[in-house]
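The values are calculated or read from the model by the stated rules, or taken from the named source; none is laboratory data. Being a predicted model, the structure only gives us computed values, none of them experimental. All Cβ positions, even for glycine, are placed from backbone atoms using ideal geometry, and neighbour counts span all protein chains on display.
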Amino acid sequence: MAVTFPQAGGCLCGDVRYAVLEDPLFAYACHCTDCQTASGSNFALCLTTVFATIEISRGTPTRQTISFQDGREWNFAACGRCSTRLWSERKATPQIVSIRAGTLDDARWVYPVAHIWADSALAWSPIAEDAIVFAREPGDPTDMIRAWRGRTAR
């Protein structure tokens, strides 16, 4: 599927609208138990991009910080009215965000080139044969960026 930018998205109630202005760095599926709980599903499908490539066209997302028992902290941008999580960021790298792909108006073009925290994946959860698989949290994102840039239309 040929993709052009910007790609619009927003929250469930429509109070917050945004656009991704250019091709993200990569897409991945996170199978960690935190994402399973937060999404209420088997994984979170995310697009990693530079925050400067997101343009907010309506509303102001609320900022939430979640501190986990192991010391990690994540910031989330969400709609203050319907609580849809739009994107998240690590406190250490706030300029890089992971957009929840389901908040895009059309996410059919988003195909995860990587699956992370695969050790926590539900047994029935599909992982494509050509995907990069990380048992836990990946370190260097270079392979994911390279795979995204080299992807073919699906």
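Quick notes
- All of Tyr28, Tyr111 fail the test of being touching a helix residue (DSSP H, G or I) at 6+ places or on another chain (Cβ under 7 Å) and among the hydroxyl-bearing types (Ser, Thr, Tyr), apart from Tyr28.
Quick grid of which residues meet (1) surrounded by 15 or more Cβ atoms within 10 Å (Cβ to Cβ); (2) in a strand (DSSP E or B):
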{"position": "Val97", "(1), (2)": "yes, yes"}
{"position": "Arg108", "(1), (2)": "no, no"}
{"position": "His115", "(1), (2)": "yes, yes"}
{"position": "Leu122", "(1), (2)": "no, no"}
{"position": "Ser125", "(1), (2)": "yes, no"}
{"position": "Glu129", "(1), (2)": "no, no"}
{"position": "Asp140", "(1), (2)": "no, no"}
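- Test for Ala52: is it modelled with pLDDT of 90 or more and in a strand (DSSP E or B): no
- Per the listing Thr103, Thr93, the residue uniquely surrounded by fewer than 19 Cβ atoms within 10 Å (Cβ to Cβ) and of a type in the set (Ser, Thr, Tyr) is Thr93.
- Candidate set from the stretch 32-56 (those that are among the small types (Gly, Ala, Ser) and surrounded by 12 or more Cβ atoms within 10 Å (Cβ to Cβ)); member that is farthest from the chain's Cα centre (by Cα): Ser41
- Test: residue in the stretch 57-73 that is outside any strand (DSSP E or B) and either charged (D, E, K, R) or under 13 Å from the mean Cα position of the chain (by Cα) (or both): yes
- Hits in the stretch 76-97 (condition: free of Cβ contacts under 8 Å to residues at least 60 places away in the same chain, polar (S, T, N, Q) and under 20 Å from Asp15 (Cα atoms)): Ser83, Ser88
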